[in-house]
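Asker: Take a look at the following structure, please.
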Amino acid sequence: PILNNHSISGFFEYGSFFNEDHPGYDPFYVGGLDSFLGLNRKERSASIVKIVGISSRSRITRSLYLDAKVNVANLGEVDTWDYDANTLIGGGLSLGYRTILGPLRIGAGLSRNKISRNNFSTYISLGFANDPFEFSRR
């Protein structure tokens, strides 16, 4: 937390085989409200995934909060981070409300890579995410 009702967090996601043997398929899926904001859930896959970003959460009321997120991903078969066609830049906003069934989140995101047009995605989610610290942030 940086203020009573506002917090900032950084994140990093990495997936690799750590060896030369490629299994012939892409086991790491990217996209969605909890992965890469700006892509649909599991929209992209790759054998090596690197995502870095920053997010901000503002608590509007006791049960209502606003999240803003910016992320950069590099997807491909090479374990270096170059700004090329495999690099995605994305971000967006989501509004969340705590219900008795778990959090209800509605969001929108935009992403772009070096050679293609913008990709706009919308999201809706009900229930808890895989983030065990989701509601410890203010």
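Asker: Test residue 62 against the stated conditions and say whether it is open to solvent by less than 20 Å² (accessible area, probe 1.4 Å), over 23 Å from residue 16 (Cβ atoms) and either of a type in the set (Lys, Arg) or in contact with a helix residue (DSSP H, G or I) (Cβ under 6 Å, 6 or more places away or on another chain) (or both).
Answerer: Taking the combined requirement at face value, the residue does not satisfy it.
Asker: What is the residue count in the stretch 42-55 for residues that are surrounded by fewer than 16 Cβ atoms within 10 Å (Cβ to Cβ) and either touching a residue at least 24 places away in the same chain (Cβ under 8 Å) or small (Gly, Ala, Ser) (or both)?
Answerer: Summing the residues that are surrounded by fewer than 16 Cβ atoms within 10 Å (Cβ to Cβ) and either touching a residue at least 24 places away in the same chain (Cβ under 8 Å) or small (Gly, Ala, Ser) (or both) in the stretch 42-55 gives 3.
Asker: Show the residue pairs that are 6+ apart or on different chains and have beta-carbon atoms under 7 Å apart, the first residue being within the stretch 77-90 and aromatic (Phe, Trp, Tyr), the second being open to solvent by less than 90 Å² (accessible area, probe 1.4 Å).
Answerer: 81/50; 81/74
Asker: Here's a follow-up. Does residue 104 satisfy the criteria of being surrounded by 15 or more Cβ atoms within 10 Å (Cβ to Cβ), of a type in the set (A, V, I, L, M, F, W, C), assigned to a strand (DSSP E or B) and at pLDDT 85 or above?
Answerer: The answer is yes for residue 104.
Asker: Just the residues that are small (Gly, Ala, Ser) and either more than 30 Å from residue 94 (Cα to Cα) or modelled with pLDDT under 80 (or both), please, taken from the stretch 17-40.
Answerer: 24, the sole residue that qualifies.
Asker: Residue check, residue 42 against (1) assigned to a strand (DSSP E or B); (2) at positive phi, all met but one. Which one?
Answerer: Only one criterion is unmet by residue 42, namely (1).
Asker: Here's another thing I want to ask about it. Would you point out which residue out of 115, 106, 89, 51 is β-branched (Val, Ile, Thr) and in contact with an Asp or Glu (Cβ under 6 Å, 6 or more places away or on another chain)?
Answerer: Among 115, 106, 89, 51, only 51 is β-branched (Val, Ile, Thr) and in contact with an Asp or Glu (Cβ under 6 Å, 6 or more places away or on another chain).
Asker: Do you know which residues across the stretch 67-99 are among the small types (Gly, Ala, Ser) and open to solvent by 80 Å² or more (accessible area, probe 1.4 Å)?
Answerer: none
The values are calculated or read from the model by the stated rules, or taken from the named source; none is laboratory data. Worth saying up front: this structure is predicted, and the values here are computed from it rather than measured. So basically every Cβ, Gly included, is an ideal-geometry build from the backbone, and we count neighbours across all protein chains shown. What goes into the accessible areas is simple: the full protein's heavy atoms, side chains included, and nothing from ligands, DNA or RNA. Shrake-Rupley method; radii C 1.70, N 1.55, O 1.52, S 1.80 Å.
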